[in-house]
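Structure first, then comments.
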Amino acid sequence: MRTRRPIPLCEPSLGGNEALYLSECIETNFVSSVGPFVERFETAFAKRTGVSHAVACSSGTAALHVALLIAGARSESVVPVSTFTFIASVNAVSYTGARALLVDSESATWNMDTEALYDHVDALSVRGEQLPAVIQVVHILGHPAQMEPLLELRERFGIPIVEDAAEALGATWTAGQLKGVAVGAAGDLGCFSFNGNKVMTAGGGGMIVTNDAALADQARHLTTQARLPGPAYVHDQVGYNYRLTNLAAAVGLAQLEQLDGFLQSKAAIATRYIEALGSREDIQMQPSASWANPSWWLPSVLCETKQRDPILRRMAERSIDARPVWIPAHLQAPHRKAQFLGGAVAEGLAARGISLPASVSLSAPDQESVIEAFG
Ligand SMILES: *Cc1c(COP(=O)(O)O)cnc(C)c1O
């Protein structure tokens, strides 16, 4: 077999103003967390997601940690979170001292089964038992979750919603109560990641968005060591060093300028996978609900269980970096003892799922190689 250039899962594309903005940081000596790009990035990001406030953080995980804290998660509280997710979503719950309630997926979107959670919380309230302090919903692999049951829980019981939108920047709801709303802007606080393999990158980084000025102030405060204004170092809480650097914000801003193009490329890549694989009996494409516009961060498929690992092996032999989808958190060592709600949907996805290469720079011949590897 001829040697091929490896096909990465999702590599960044740095063809915009990244170098220009970075050299501006160096020329002006603003490289750390004070500097004009942090604010420019926050302002542009808030505008893009249709919210009034955005607070840049050092990572998506840090954003989740702080968002959960200011939404009210603490020791002795319970925070329902999707079990089918990257482990950072659940680790962030543990950092606050709260207990995670791991919720199974629904087949329709692979996201948290929010109707099952609704029924669970409703039953807790009937029995007079402790209600969740915060609900954390993850928009997995870029597909928006079904929010109505969660919005109703917030309405009935005042339970705040934190959205983990790390994989879903640019996704929107296209029908229903949230029609036209950007993912991340539907709950009380939304969190994003700018890790190297996400929809866009800042080299590393995250963002908290909210429409609530008081929550935004708290996020800013907690991410900067909870230091009070003034020249002295006076602190009123245990804070964190979670702010984004000006260097990273410079890259983030340059990437954000290119976001629409990135999303178009991802959608085109997904469409090509759907055309090539969607009609096969032995393969099922990642769902795309009629009411949702996904980010198509990593288009994914379900194979027959016994075919999954052979397909992955074939891809590895051809230097194609496809990956099994997330292993549910309730099967991972740190969270095995957490309370679990649901059945075996997430486990089924984990046994059958493959996330496919989807760099915005993926060439048509390279995508053909991925498709051919299915045999
Ligand atoms: C990437 C990711 C995170 C964490 O973001 P980092 O910036 O890597 O800390 C959190 N949740 C989900 C669902 C993710 O995919």
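Three semi-axes describe the equivalent ellipsoid of region 12-96; taken as square roots of 5 times the Cα gyration tensor eigenvalues and ordered largest first, they are 32, 15, 13 Å. Along the axis of the charge dipole computed for the chain (Cβ charges of +1 for Lys and Arg, -1 for Asp and Glu, origin at the Cα centre), the listed residues ASN211, ALA373, PRO294 are led at the positive end by ALA373. Using a probe radius of 1.4 angstrom, the carbon and sulfur fraction of the accessible surface of region 24-69 is 56%.
Take the chain with all the other protein chains still there, run a 1.4 Å probe, and you get 42 Å² of accessible area per residue.
For region 206-306, the square roots a ≥ b ≥ c of the C-alpha gyration tensor eigenvalues yield an a/c of 1.5 or more together with a/b exceeding b/c, which makes the shape prolate.
Considering every pair of different Cα atoms, what Kirkwood radius, in Å, is found for the chain?
About 21.2 Å, per the Kirkwood formula over Cα pairs.
Sparsely packed loop sites in region 108-159 (the GluC sites (Glu not before Pro) outside DSSP H, G, I, E and B with at most 14 other Cβ atoms within 10 Å) comprise GLU129. Restricting region 294-344 to trypsin sites (Lys or Arg not before Pro) that sit in a DSSP loop and have at most 11 other Cβ atoms within 10 Å of their own Cβ leaves ARG336, LYS337.
Got the relative contact order for the chain handy, in percent, Cα pairs under 8 Å and 6 or more residues apart?
25 percent
Residue ranges 350-362, 79-91 sort as 79-91, 350-362 when ordered by packing (mean number of other C-beta atoms within 10 Å per residue, highest first). Can you give the log10 of the normalised intensity I(q)/I(0) at q = 0.13, 0.16, 0.20 Å⁻¹, computed with Debye over equal Cα scatterers of region 22-155? So the normalised log intensities are -0.66, -0.90, -1.21.
Among residues other than GLU163 whose Cβ falls under 13 Å from its Cβ, what is the net charge (Lys/Arg +1, Asp/Glu -1)? Every neighbour counted, the sum reads -2. Accessible area of region 277-375 with a 1.4 Å probe: how many percent of it is carbon plus sulfur? Roughly 50 percent, rounded to a whole number. Across region 1-125, the relative contact order, built from alpha-carbon pairs under 8 Å that are at least six residues apart, equals 15 percent. Ranked by the mean number of other Cβ atoms within 10 Å per residue, highest first, peptides 59-69, 26-36, 179-189 order as 59-69, 179-189, 26-36.
Taking other residues whose beta carbon is less than 9 angstrom from the beta carbon of GLY190, and scoring Lys, Arg as +1 and Asp, Glu as -1, yields -3. Which value in Å is the Kirkwood Rh of region 262-375 over different Cα pairs? For region 262-375, the Kirkwood estimate is 15.1 Å.
DSSP finds beta bridges in the chain, and of those with both partners inside it, around 60 percent are antiparallel. Once neighbouring chains are kept in place and the probe is 1.4 Å, which whole percent of the accessible area of region 120-275 is contributed by carbon and sulfur? Carbon and sulfur atoms account for 52 percent of the accessible area of region 120-275. Applying a DSSP loop filter and a limit of 14 other Cβ atoms within 10 Å to the GluC sites (Glu not before Pro) in region 39-106 leaves GLU76. Listed peptides 96-104, 226-234, 9-17 appear in the order 96-104, 9-17, 226-234 once ranked by packing, highest mean of other Cβ atoms within 10 Å at the front.
The values are calculated or read from the model by the stated rules, or taken from the named source; none is laboratory data. Here the structure is a predicted model, which is why all the values come from computation and not from measurement. Glycine gets a Cβ as well: all are built from the backbone with ideal geometry, and neighbour counts include every protein chain shown. Surface areas here come from the heavy atoms of the whole protein model, side chains and all, with no ligands, DNA or RNA. Shrake-Rupley method; radii C 1.70, N 1.55, O 1.52, S 1.80 Å.
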